[in-house]
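Bear in mind these aren't lab numbers, they're just calculated from the coordinates by the rules spelled out. Please read these numbers as outputs of a predicted model, since none were measured by experiment. No Cβ is skipped: glycine too gets one built from the backbone with ideal geometry, and neighbour counts run over all protein chains shown.
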Amino acid sequence: MIPELGGDLIQWLRGFYFTAQTGSMSAACSKMGRNQPTLSYQIKCLEEFYGTTLFDRSRGKQQLTPDGRYLFEKAIAIFELIQESKDTIANSTTKLKGDITISTYYTVLKYLLSSMAAEFFQTHPLTQFKLDGCTTSQIIQKVESAECDFGIACIDQIETDLDYEHFFSAKLFLITPKQGPLALTETPSLEAISKMPFLKFTPTGGLMKLINDRFSKDNLSLNVVLELNHMELIKTFTAEGFGISIVDEFALTVDDRKKLLTFPVTHSFQPRQFGIIRRKKAYMSPQAKAFIALMKDRIESFQTRLS
């Protein structure tokens, strides 16, 4: 028998989801466009409906109780079921439509996904991309809370509730100016690199941690003279002779290789492994599936050009 449900149950669940996902009622209000009394009322109604307490408020934060954590997972499943039915009806024709939400690093967005998304949109103009540049921990959090269809990240150990599928490998390259005292003729040793002025890339996509860990293994440290938060700035300042740096190969364009000297550092660094991350058994929209298929096809030709 199908139970009788209140007409506002979906809105109550929605308010609960955003409060749990953000950990803050004010942040949830901002995302939903609601005021706090309305959201408080929705959560109160939901707690009365289930006859339980969903948040532990004893520490002044909106922390989920065991019942709350259980309902959070069920709420995601309910919203995914609604989205699946919507997508099935919307895509009943041959034309794909709807959102594709991806969380990954800014460098992956700029140097890989931008051209792929543009190509996909030309074929499927009824789709809409929502691309979110994040750190590794943010990517995992957004995948776990169903804020995105999937994430792309470079991680050593995958969480048990997530699926990981290898996407591509990326070698690391040392970049130096083409002229001046920092212009090199061959790949230097790690010890030689440690004595040169180094430009540090500050976003936490795992690249700098990998580099620092490798130097520390040989009891070496980088001579950081400048920290920059954008890969284009790293390459620009390197070309101007401020220092050297180490970057992912996919961040080097044809124009970059004309302005910089590039040396693979495969003698010291293994290629970084990037994967597609999803929640296990999560619903995947037809448009997201189609874009993943295009990504896999294009990355093969991209890596062939690099090699």
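Miscellaneous remarks
- At least 18 Å along the helix axis (C-alpha) and Kyte average at least -1.0, DSSP helices within the chain: 9-22, 36-50, 66-90, 286-306
- Electrostatic dipole magnitude of segment 118-235 [Cβ: Lys, Arg +1; Asp, Glu -1; Cα centre; debye, to 20]: 720
- Extension gain (nm, one decimal) between Thr123 and Ser145, 0.36 nm per residue minus Cα-Cα: 4.9 nm
- Listed candidates (1) 20.9; (2) 22.2; (3) 19.6 - label of the one calculated as Kirkwood radius over Cα pairs in Å: (2)
- Residues whose amide H comes within less than 5 Å of that of Thr127, counting only those at least five positions distant or on another chain, are Gly98 (H built at 1.01 Å from N in the peptide plane).
- Calculated FRET efficiency for the pair Gln270/Glu48, C-beta based, R₀ 35 Å, to 0.05: 0.05
- Result for the chain in a Gaussian network model with C-alpha springs under 10 Å: among Gly206, Gly23, Gly33, the largest mean-square fluctuation is at Gly33.
- Helical mean residue ellipticity (222 nm; -39500 (n - 2.57) per DSSP H run of 4+; nearest 500) of the chain: -13500 deg cm²/dmol
- Computed packing ranks the peptides 122-131, 144-153 as 144-153, 122-131, most packed first, by mean other Cβ atoms within 10 Å.
- Antiparallel DSSP beta bridges within the chain, percent to nearest 5: 60
- Within a straight-line Cα-Cα reach of under 20 Å, Lys110 can be paired with the following lysines, leaving aside sequence neighbours fewer than 8 residues apart in one chain: Lys130, Lys142, Lys171, Lys200, Lys235, Lys258, Lys259, Lys296.
- Charge dipole magnitude, Cβ of K and R +1, D and E -1 - segment 176-225, Cα centre, debye nearest 20: 140
- Backbone amide hydrogens, once placed in the peptide plane, bring Ile155 within less than 5 Å of Gly275, excluding anything fewer than 5 places away on its chain.
- Close amide H pairs (under 5 Å, H built 1.01 Å from N) link Lys200 with Val225, Leu226, Glu227, Leu228, residues at least 5 positions away or on another chain.
- Counted charge near Phe215, where neighbours are those whose Cβ lies closer than 14 Å (Asp, Glu -1; Lys, Arg +1): +2
- Check: the chain dipole with +1 on Lys, Arg Cβ and -1 on Asp, Glu Cβ, in debye: 440
- Per DSSP, loop GluC sites (Glu not before Pro) in segment 221-273 with at most 13 further Cβ within 10 Å: Glu240
- Per-residue Karplus couplings for segment 96-101, computed as 6.51 cos²θ - 1.76 cosθ + 1.60 with θ equal to phi - 60°, are listed in order as 7, 8, x, 7, 10, 10 Hz, Gly and Pro entered as x.
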